[in-house]
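Note sheet for the following structure.
The values are calculated or read from the model by the stated rules, or taken from the named source; none is laboratory data. Treat the numbers as computed from the prediction; the structure is a model and nothing was measured. Cβ placement follows ideal geometry from the backbone for every residue including glycine, while neighbour counts extend to all protein chains displayed.
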Amino acid sequence: MAYANVVLRGTSLGASTNSVGYFHIASIPSGRYTLVVSYLGYHTQLIPLTIEGGKTVQVNIRLAPSVIETQEMIVVGERPERLNEPDLGMQKISAQDIAIVPPGVEPDIFRTLQMSPSVGATSDISARYFVRGGGSDQNLVLLNGATLYSPFHTLGIFSVVDPEMVSLLEFHKGGFPPSYGGRLSSILNVVTRDGNRNEFHGVGSASLLSGKVAVEGPIPSGSFLVTGRKSWYADVMKKYLNNRDAPFDFYDFSWKISSAEPSIDRNSRFAFHGFFSGDQVKNDDPFREDYLVRNRILGLNWHKIWSNPLYSIVSVSISGFDAEVMPKLSPTKPRKNKLSDFTADWDFTYVYDSRDELNFGLQNKFLSTTLELENTFGNRISFDQSGWDVNAYVDYRFYRWESIGITIGIRFKFEAISEYRPLLYEPRASFTYRMTPSISLKAAFGWYSQELLTLSDENELISVFEPWIITPTYLNSAQATHLSLGAKVYWVDDCTTEFEVYYKPIRDLIDENEEKFMATDRDFINVDGESYGVEFLSQYEPQRLHMKFGYALTWAHKMKDGVRYYPRYDARHAVNALMGVDLGSGWQASATWVLRSGMPFTPIAGFYDRVTVNPWSEPYDYVVPEAVTLWGKRNSSRLPYYHRLDLSLIKQFHLGGAAVAFGANVVNAYDQKNIFYFNRDTGEEVYMLRILPSVSLKVEL
């Protein structure tokens with residue numbers, strides 16, 4: 001159970017459990033104590049303890065679920081916050097945070113992320129998120145320590161991660177510690193939950209788009225959890241695509257087996273996990289292309305307590321990604337991308353009597369990528385790259401002072417997968433100072449690099465094929481620096497406000513070479529970028545109310561061929577408001593409202609006639625006039641302001657021996673006509689998602 005609260009009654013000594021339920025309380029004077037263990041949705045347990053000097057007491061705890069009539073379908077653990085934690089830029093997302101956001105057609109963890117300041121999307125059609133002026137491929141998604149390379153279903157409309165399997169989400173949108181690497185913008189760490197160790201449970205749910213099931217229960221010395229989801233009515237996606245045909249078919253399937261066998265090692269826990277997903281766009285029209293995208297992950301996590309208080313996690317995983325474009329009789333060219341990833345990580349944490357922590361580890365990754373294309377002359381082109389990525393890190397955390405928390409660390413790169421390797425070392429540091437009991441000042445700094453990227457055109461409104469490749473051998477790998485300052489104010493127990501300013505210069509991003517003329521010219525070039533902004537987030541969470549308000553004022557731009565321009569995901573102003581309320585008697589209501597500046601786009605400056613002379617055609621076709629569009633300055637105009645209201649109402653009740661939840665949702669409740677793009681041929685306004693009601697049903701046995 002992640003982030004359970006563990007406190008010694010009558011003292012200031014306590015801890016919270018980590019992602020797999022371990023905790024450590026250091027420097028306890030000898031004596032008799034009562035350990036108080038609490039977790040929302042479970043009965044609090046009191047455990048008598050006797051502490052002797054120089055000895056470590058190990059306690060294994062099980063909590064019994066309690067019945068909370070107002071939230072019987074949601075069990076949430078909220079971490080008791082360490083007030084001197086240097087955690088600027090890190091956000092904890094609970095199951096309640098995911099459940100309270102109106103789901104639209106499907107509940108989605110990425111829609112929840114977009115309620116955070118400086119995290120946004122370019123349209124209703126995509127759940128792809130952009131963090132602080134970085135591209136979508138600059139965000140790393142980890143599933144139980146393994147990299148998830150294509151975390152989106154159906155053209156990126158929602159996540160492949162079913163919220164039913166989630167135990168913990170930790171989202172770092174800047175200044176993340178040296179234990180994470182390989183991306184420039186953000187880290188999303190997803191830990192799937194263990195199955196029930198005491199009894200069997202089953203959950204079935206359905207929406208207009210898909211059906212899903214989850215089964216869990218005990219096994220000898222452990223538990224299992226299996227989840228699966230499958231689409232069944234793809235026509236509902238037409239609402240996302242302006243009533244065009246949407247022949248989508250998708251699935252995702254996951255399993256996790258957790259074991260802690262005392263006869264093998266009473267201080268070890270093992271978790272075997274797997275995840276598979278697939279998306280297919282299959283057109284009946286032979287003159288339209290088909291698409292295929294698949295993910296696969298197999299992994300093992302070994303959690304071990306050595307001679308106290310040394311704790312380790314060994315993670316071994318095999319993950320992969322496949323994507324293919326099948327043209328059939330269409331003019332589209334065939335394309336195919338395959339990525340294989342073998343990862344073995346050793347991470348250690350040592351806790352001192354002073355409450356300081358030393359984190360260190362070795363992380364190994366072997367990557368292989370293949371990209372097959374066909375050019376306009378029908379010639380097959382293949383790009384194959386592979387190599388080892390070997391890193392080590394050390395991170396010392398000062399917790400010995402009540403009012404100050406400091407983290408100083410560095411990440412070393414011993415072996416790089418790209419030809420022109422990025423930084424050999426990446427220093428990181430973060431700082432928290434409790435100026436008063438209710439005000440904390442924070443700062444963070446770090447260097448970051450990225451050698452793996454997707455080939456995507458940010459001007460494409462809907463992108464299906466985004467192949468992963470290692471940085472080409474003739475280019476430098478991308479680098480970024482994170483600088484951020486912030487403050488957190490604790491008004492009362494249930495109300496906090498956070499302020500943050502950040503600055504992120506970026507070097508050697510990869511972009512298309514629009515000046516390519518000869519076959520020998522490079523396809524891609526390095527460009528530089530920069531982003532900076534101000535964020536504000538206020539939360540108020542009394543017992544039956546959940547309110548969140550965020551605002552961000554941000555800038556992002558790139559420099560290409562000496563010209564400065566704004567990428568499509570640059571949004572100057574963004575407002576996010578969320579409110580959820582428990583109405584009692586099993587009724588829950590929630591609403592979100594979003595307002596943001598319009599996305600940049602390239603305007604049409606005019607048209608001109610181009611005459612093509614074809615001496616091999618019939619005499620009357622020698623001269624062929626053709627209208628050509630003359631484009632203005634790149635992304636120099638903006639669409640109108642975007643705003644949208646989503647609503648959700650859920651009724652929970654018991655039917656026989658089953659717990660049932662029936663939900664009704666409305667996306668874009670007041671039917672705002674948000675412009676998606678202007679048709680380049682006609683100038684017609686094409687709108688994003690209009691008003692869309694939907695229903696859902698969930699049954700738990």
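A compact table of results
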item: Hits in region 486-539 (condition: hydroxyl-bearing (S, T, Y) and modelled with pLDDT under 80); result: T520
item: Filter pass, S123 being of a type outside the set (K, R), part of a loop (DSSP other than H, G, I, E, B) and in contact (Cβ under 8 Å) with a residue 24 or more places away in the chain; result: yes
item: Qualifying residues in region 89-115 (those that are touching a residue at least 60 places away in the same chain (Cβ under 8 Å), outside any strand (DSSP E or B) and within 12 Å of the chain's Cα centre (by Cα)) - the one surrounded by the most Cβ atoms within 10 Å (Cβ to Cβ); result: L113
item: Counted residues, region 18-41 - those being part of a loop (DSSP other than H, G, I, E, B), under 24 Å from H303 (Cα atoms) and over 28 Å from the mean Cα position of the chain (by Cα); result: 4
item: Region 440-463 - residue that is among the aliphatic types (A, V, I, L, M) and outside any strand (DSSP E or B) and, of those, modelled with the highest pLDDT; result: L455
item: Leading residue by the ranking (farthest from F342 (Cα to Cα)) among those in region 414-432 that are in contact (Cβ under 8 Å) with a residue 24 or more places away in the chain and of a type in the set (F, W, Y); result: F431
item: Test for Q58: is it part of a loop (DSSP other than H, G, I, E, B), surrounded by fewer than 22 Cβ atoms within 10 Å (Cβ to Cβ) and modelled with pLDDT of 75 or more; result: yes
item: Residues of region 246-264 that turn out to be modelled with pLDDT of 85 or more and either on the phi > 0 side of the Ramachandran plot or assigned to a loop (DSSP other than H, G, I, E, B) (or both), as a count; result: 1
item: Tally, over region 389-404, of residues that are assigned to a strand (DSSP E or B) and closer than 21 Å to G361 by Cβ; result: 10
item: Condition check for V527: aliphatic (A, V, I, L, M), surrounded by 16 or more Cβ atoms within 10 Å (Cβ to Cβ) and assigned to a strand (DSSP E or B); result: yes
item: Subset of region 199-227 (residues that are over 29 Å from V695 (Cβ atoms) and touching a Lys or Arg at 6+ places or on another chain (Cβ under 8 Å)); result: P218, G222, S223, F224
item: Condition check for H557: in a strand (DSSP E or B) and closer than 25 Å to A478 by Cβ; result: yes
item: Pick from region 415-430, criterion assigned to a strand (DSSP E or B) and in contact with a Leu (Cβ under 9 Å, 6 or more places away or on another chain), ranking: surrounded by the fewest Cβ atoms within 10 Å (Cβ to Cβ); result: Y420
item: Failed condition for D395, given (1) more than 25 Å from L423 (Cβ to Cβ); (2) crowded, with 17+ Cβ neighbours inside 10 Å; result: (1)
item: Test for E466: is it surrounded by 17 or more Cβ atoms within 10 Å (Cβ to Cβ), out of contact with any helix residue (DSSP H, G or I) (no Cβ under 7 Å at 6 or more places or on another chain) and at pLDDT below 95; result: yes
item: Single residue of S531, S477, S484, S538 found to be under 30 Å from W388 (Cβ atoms) and not aromatic (F, W, Y); result: S477
item: Residue in region 384-404 that is modelled with the lowest pLDDT, counting only those that are over 28 Å from the mean Cα position of the chain (by Cα) and among the hydrophobic types (A, V, I, L, M, F, W, C); result: W401
item: Some residue of region 446-466 being closer than 22 Å to N359 by Cβ and more than 21 Å from the chain's Cα centre (by Cα); result: no
item: T520 vs. criteria of a type in the set (S, T, N, Q), surrounded by 14 or more Cβ atoms within 10 Å (Cβ to Cβ) and not assigned by TED's automatic domain parsing to the domain that holds D137; result: no
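Residue by residue, here is whether (1) in the same structural domain as T122 (by TED's automatic domain parsing); (2) within 21 Å of A121 (Cβ to Cβ); (3) surrounded by 17 or more Cβ atoms within 10 Å (Cβ to Cβ) holds:
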site: L545; (1), (2), (3): no, no, no
site: L553; (1), (2), (3): no, yes, yes
site: K560; (1), (2), (3): no, no, yes
site: Y569; (1), (2), (3): no, yes, yes
site: H573; (1), (2), (3): no, yes, no
site: L578; (1), (2), (3): no, yes, yes
site: V581; (1), (2), (3): no, no, no
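Conditions (1) in contact with a Lys or Arg (Cβ under 7 Å, 6 or more places away or on another chain); (2) without any contact (Cβ under 8 Å) to a residue 24 or more places away in the chain; (3) over 30 Å from F499 (Cβ atoms), marked per residue:
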position	(1), (2), (3)
R355	yes, no, no
N391	yes, no, yes
Y396	no, no, no
I406	no, no, no
